[in-house]
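Engineer: To start, I am sharing the structure in question, which I have written as C-alpha coordinates.
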Amino acid sequence: MFTGIVMGIGRLVDVTPLADGVHIAVDSRALELEDVRLGDSIAHSGVCLTVVARQGTVLEYDVSGETLACSVGLNEPGRELNLEKALRLGDALGGHLVTGHVDGIGLVERFAPVGSSTLLEIRAPAALSPFLARKGSVAVDGVSLTVNAVRDVPDGSCIFSINLIPHTLAQTTLKHLAPGARVNLEVDPLARYCARVLEYAARTPSP
(Lines give C-alpha, C1' and ligand atoms only; values in the text may rest on other atoms or scores of the structure.)
Protein backbone atom coordinates (compact mmCIF):
# COMPACT_ATOMS: atom_id res chain seq x y z
CA MET A 1 0.00 0.00 0.00
CA PHE A 2 1.20 3.51 -0.87
CA THR A 3 0.05 7.13 -0.53
CA GLY A 4 0.94 8.61 -3.92
CA ILE A 5 3.55 10.94 -2.39
CA VAL A 6 6.68 10.52 -4.51
CA MET A 7 9.89 10.05 -2.48
CA GLY A 8 12.35 10.39 -5.34
CA ILE A 9 12.93 9.96 -9.04
CA GLY A 10 14.77 6.88 -10.32
CA ARG A 11 16.11 5.96 -13.73
CA LEU A 12 15.58 2.69 -15.59
CA VAL A 13 19.15 1.64 -16.44
CA ASP A 14 18.68 -1.86 -17.84
CA VAL A 15 15.94 -4.03 -19.35
CA THR A 16 16.53 -7.76 -19.96
CA PRO A 17 13.85 -9.80 -21.77
CA LEU A 18 12.44 -12.84 -19.97
CA ALA A 19 10.24 -15.66 -21.26
CA ASP A 20 7.18 -13.71 -20.06
CA GLY A 21 8.11 -10.14 -19.21
CA VAL A 22 11.38 -8.41 -18.40
CA HIS A 23 14.00 -8.10 -15.67
CA ILE A 24 14.74 -4.45 -14.95
CA ALA A 25 17.33 -2.50 -12.98
CA VAL A 26 16.50 0.93 -11.56
CA ASP A 27 19.00 3.44 -10.22
CA SER A 28 17.22 4.40 -7.00
CA ARG A 29 19.80 6.61 -5.31
CA ALA A 30 17.13 9.29 -4.79
CA LEU A 31 15.53 7.04 -2.13
CA GLU A 32 16.72 6.39 1.39
CA LEU A 33 17.87 2.81 0.87
CA GLU A 34 19.24 1.88 4.29
CA ASP A 35 16.13 -0.11 5.22
CA VAL A 36 15.36 -1.59 1.79
CA ARG A 37 15.51 -5.40 1.76
CA LEU A 38 14.89 -8.14 -0.80
CA GLY A 39 11.15 -8.75 -1.02
CA ASP A 40 10.20 -5.15 -0.26
CA SER A 41 7.58 -3.42 -2.40
CA ILE A 42 8.39 -0.17 -4.18
CA ALA A 43 6.09 1.71 -6.56
CA HIS A 44 7.52 2.77 -9.92
CA SER A 45 5.35 5.43 -11.59
CA GLY A 46 2.36 3.79 -9.97
CA VAL A 47 3.34 0.13 -10.47
CA CYS A 48 4.10 -1.92 -7.34
CA LEU A 49 7.19 -4.11 -7.87
CA THR A 50 9.08 -6.50 -5.57
CA VAL A 51 12.81 -6.07 -5.04
CA VAL A 52 14.56 -9.29 -6.16
CA ALA A 53 18.20 -8.10 -6.17
CA ARG A 54 20.33 -5.12 -5.24
CA GLN A 55 23.66 -3.78 -6.45
CA GLY A 56 24.50 -0.68 -4.44
CA THR A 57 21.88 1.95 -5.28
CA VAL A 58 20.52 -0.11 -8.18
CA LEU A 59 17.45 -2.21 -7.36
CA GLU A 60 16.28 -5.05 -9.60
CA TYR A 61 12.83 -6.42 -10.34
CA ASP A 62 11.06 -9.05 -12.44
CA VAL A 63 8.12 -7.57 -14.36
CA SER A 64 5.49 -9.92 -15.80
CA GLY A 65 4.03 -9.66 -19.27
CA GLU A 66 0.65 -8.89 -17.71
CA THR A 67 2.10 -5.89 -15.87
CA LEU A 68 3.76 -4.63 -19.06
CA ALA A 69 0.45 -4.94 -20.94
CA CYS A 70 -1.42 -2.89 -18.31
CA SER A 71 1.11 -0.08 -17.78
CA VAL A 72 3.68 2.13 -19.48
CA GLY A 73 7.30 3.01 -18.78
CA LEU A 74 8.78 -0.22 -17.42
CA ASN A 75 10.53 -1.40 -20.58
CA GLU A 76 12.12 1.85 -21.74
CA PRO A 77 15.82 2.15 -20.76
CA GLY A 78 16.70 5.67 -19.63
CA ARG A 79 13.18 6.54 -18.57
CA GLU A 80 12.69 8.38 -15.28
CA LEU A 81 10.28 6.80 -12.80
CA ASN A 82 8.47 8.14 -9.74
CA LEU A 83 9.56 6.09 -6.72
CA GLU A 84 7.72 5.47 -3.46
CA LYS A 85 8.47 2.92 -0.76
CA ALA A 86 5.54 1.05 0.77
CA LEU A 87 3.53 2.69 3.53
CA ARG A 88 4.32 1.59 7.08
CA LEU A 89 1.87 1.62 9.97
CA GLY A 90 2.18 4.99 11.66
CA ASP A 91 3.35 6.83 8.53
CA ALA A 92 1.55 10.02 7.54
CA LEU A 93 -1.07 9.54 4.84
CA GLY A 94 -0.23 12.66 2.85
CA GLY A 95 -2.03 11.67 -0.34
CA HIS A 96 -4.65 8.92 -0.56
CA LEU A 97 -4.54 5.13 -0.35
CA VAL A 98 -2.89 3.76 -3.49
CA THR A 99 -2.46 0.03 -4.12
CA GLY A 100 0.14 0.15 -6.89
CA HIS A 101 -2.15 -1.84 -9.19
CA VAL A 102 -2.61 0.21 -12.36
CA ASP A 103 -6.21 0.22 -13.61
CA GLY A 104 -5.54 1.54 -17.09
CA ILE A 105 -3.60 3.87 -19.33
CA GLY A 106 -4.62 7.49 -19.89
CA LEU A 107 -3.73 9.83 -22.73
CA VAL A 108 -2.59 13.39 -22.06
CA GLU A 109 -4.85 15.80 -23.96
CA ARG A 110 -3.48 19.07 -22.63
CA PHE A 111 -0.49 20.19 -20.58
CA ALA A 112 -0.26 23.95 -20.38
CA PRO A 113 0.69 26.73 -17.93
CA VAL A 114 -2.22 28.53 -16.28
CA GLY A 115 -0.97 31.34 -14.08
CA SER A 116 1.65 29.95 -11.71
CA SER A 117 0.36 26.37 -12.07
CA THR A 118 -0.07 23.86 -14.90
CA LEU A 119 -3.32 22.46 -16.25
CA LEU A 120 -3.21 18.74 -16.99
CA GLU A 121 -6.07 17.14 -18.92
CA ILE A 122 -6.15 13.37 -19.38
CA ARG A 123 -8.49 11.15 -21.36
CA ALA A 124 -9.37 8.05 -19.35
CA PRO A 125 -10.72 4.89 -21.03
CA ALA A 126 -14.42 4.09 -20.76
CA ALA A 127 -13.79 1.34 -18.21
CA LEU A 128 -12.43 3.91 -15.74
CA SER A 129 -14.83 6.78 -16.39
CA PRO A 130 -17.36 5.80 -13.68
CA PHE A 131 -14.63 5.97 -11.02
CA LEU A 132 -13.51 9.54 -11.69
CA ALA A 133 -15.36 12.34 -9.94
CA ARG A 134 -14.85 16.04 -9.26
CA LYS A 135 -12.82 16.52 -6.06
CA GLY A 136 -12.06 12.80 -6.01
CA SER A 137 -8.58 11.27 -5.94
CA VAL A 138 -6.60 9.62 -8.74
CA ALA A 139 -3.01 8.44 -9.07
CA VAL A 140 -1.26 9.53 -12.28
CA ASP A 141 2.09 7.79 -12.77
CA GLY A 142 1.97 7.08 -9.06
CA VAL A 143 1.30 10.68 -7.99
CA SER A 144 -1.72 11.32 -5.77
CA LEU A 145 -3.76 14.12 -7.34
CA THR A 146 -7.18 15.77 -6.94
CA VAL A 147 -9.59 15.81 -9.88
CA ASN A 148 -10.87 19.33 -10.56
CA ALA A 149 -13.41 18.51 -13.27
CA VAL A 150 -14.67 15.60 -15.38
CA ARG A 151 -16.15 15.83 -18.87
CA ASP A 152 -17.84 12.77 -20.35
CA VAL A 153 -17.23 11.92 -24.02
CA PRO A 154 -19.81 10.20 -26.28
CA ASP A 155 -17.60 7.12 -26.78
CA GLY A 156 -17.78 6.39 -23.04
CA SER A 157 -14.37 7.77 -22.16
CA CYS A 158 -13.95 10.94 -20.13
CA ILE A 159 -11.50 13.82 -19.89
CA PHE A 160 -10.54 14.89 -16.41
CA SER A 161 -8.51 17.93 -15.42
CA ILE A 162 -5.93 18.44 -12.68
CA ASN A 163 -4.09 21.51 -11.42
CA LEU A 164 -0.37 20.87 -10.88
CA ILE A 165 1.49 23.20 -8.55
CA PRO A 166 5.20 23.95 -9.18
CA HIS A 167 6.28 21.74 -6.26
CA THR A 168 4.58 18.69 -7.76
CA LEU A 169 6.26 19.26 -11.11
CA ALA A 170 9.66 19.74 -9.49
CA GLN A 171 9.43 16.55 -7.41
CA THR A 172 7.98 14.16 -10.03
CA THR A 173 8.30 13.08 -13.63
CA LEU A 174 5.04 14.84 -14.51
CA LYS A 175 7.16 17.81 -15.62
CA HIS A 176 8.02 15.81 -18.77
CA LEU A 177 4.43 15.32 -19.91
CA ALA A 178 3.11 16.64 -23.21
CA PRO A 179 -0.03 16.08 -25.32
CA GLY A 180 -0.04 12.52 -26.62
CA ALA A 181 1.91 11.07 -23.68
CA ARG A 182 0.53 7.93 -22.05
CA VAL A 183 0.28 7.70 -18.26
CA ASN A 184 -0.51 5.04 -15.67
CA LEU A 185 -3.84 5.57 -13.94
CA GLU A 186 -5.11 4.10 -10.69
CA VAL A 187 -8.55 5.13 -9.49
CA ASP A 188 -9.45 5.49 -5.82
CA PRO A 189 -9.76 1.93 -4.40
CA LEU A 190 -12.86 2.99 -2.45
CA ALA A 191 -14.59 3.88 -5.72
CA ARG A 192 -13.80 0.41 -7.06
CA TYR A 193 -15.36 -1.30 -4.06
CA CYS A 194 -18.45 0.92 -4.13
CA ALA A 195 -18.97 0.09 -7.80
CA ARG A 196 -18.64 -3.63 -7.07
CA VAL A 197 -21.18 -3.48 -4.24
CA LEU A 198 -23.69 -1.63 -6.45
CA GLU A 199 -23.14 -4.03 -9.35
CA TYR A 200 -23.67 -7.04 -7.12
CA ALA A 201 -26.77 -5.54 -5.48
CA ALA A 202 -28.33 -4.75 -8.87
CA ARG A 203 -28.20 -8.39 -10.01
CA THR A 204 -29.00 -10.09 -6.71
CA PRO A 205 -32.71 -10.71 -6.07
CA SER A 206 -34.06 -9.25 -2.86
CA PRO A 207 -35.10 -11.89 -0.28
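The values are calculated or read from the model by the stated rules, or taken from the named source; none is laboratory data. All figures in this text were calculated on a predicted structure; none of them were measured in a lab. Cβ: placed from backbone, ideal geometry, glycine included. Neighbour counts: every protein chain shown. Note: accessible area is taken over every heavy atom of the protein model, side chains too, but ligands, DNA and RNA are not part of it. Shrake-Rupley method; radii C 1.70, N 1.55, O 1.52, S 1.80 Å.
Engineer: Report the net charge of residues surrounding I24, where surrounding means a beta-carbon distance below 12 angstrom and charges are Lys +1, Arg +1, Asp -1, Glu -1.
Structural biologist: -3
Engineer: Residue by residue through the range 153-165, what is 3J(HN,Hα) from phi via Karplus (6.51 cos²θ - 1.76 cosθ + 1.60, θ = phi - 60°)? Round to whole Hz and write x for glycine and proline.
Structural biologist: 10, x, 7, x, 6, 9, 10, 10, 10, 9, 9, 9, 7
Engineer: Can you give me the % of accessible surface on the chain that is carbon or sulfur? Probe 1.4 Å, all protein chains present, nothing else counted.
Structural biologist: Exposed carbon and sulfur together represent 56 percent of the surface.
Engineer: Moving on. Net charge around I9, counting only other residues with Cβ within less than 13 Å of its Cβ (Lys, Arg = +1; Asp, Glu = -1)?
Structural biologist: 0
Engineer: With a 1.4 Å probe and all protein chains kept in place, how do D152, D141 rank by accessible area, largest first?
Structural biologist: Putting D152, D141 in descending order of accessible area: D152, D141.
Engineer: Can I ask one more? Given a 1.4 Å probe and heavy atoms of the protein chains only, how would you sort E34, E199, E60, largest accessible area at the top?
Structural biologist: Largest accessible area first, the residues go E34, E199, E60.
Engineer: Quick one: net charge around G78, please, counting Lys, Arg +1 and Asp, Glu -1 for every other residue with C-beta under 13 Å from its C-beta.
Structural biologist: -2
Engineer: Could you work out how far the C-alpha centroid of the range 172-197 sits from that of the range 28-70, in angstrom?
Structural biologist: 20
Engineer: Report the charge-dipole magnitude of the chain in Debye, nearest 20, computed about the Cα centre from +1 at each Lys and Arg Cβ and -1 at each Asp and Glu Cβ.
Structural biologist: I would put it at about 560 debye.
Engineer: Okay, moving on. Label 7 Å along Cα→Cβ of E76; the range 4-40 residues with amide nitrogen under 12 Å?
Structural biologist: 12
Engineer: A further question follows. What's the magnitude of the charge dipole for the range 108-198 around its Cα centre, counting Lys and Arg as +1 and Asp and Glu as -1 at the beta-carbon? Answer in Debye, nearest 20.
Structural biologist: 80
Engineer: What list of ³J(HN,Hα) values in whole Hz, one per residue of the range 123-129 in order, does the Karplus curve 6.51 cos²θ - 1.76 cosθ + 1.60 (θ = phi - 60°) give from phi, with Gly and Pro shown as x?
Structural biologist: Working through the residues one at a time gives 8, 9, x, 4, 5, 9, 3 Hz.
Engineer: Right, something else. What residues have an amide H closer than 5 Å to that of L81, excluding those fewer than 5 places away on the same chain, when H is modeled at 1.01 Å from N in the peptide plane?
Structural biologist: Distant-sequence amide H within range of L81: G10, R11, L12.
Engineer: Shifting gears a bit: Would you mind getting the accessible area per residue of the chain, heavy atoms of the protein chains only, 1.4 Å probe, in Å²?
Structural biologist: Per-residue value: 51 Å².
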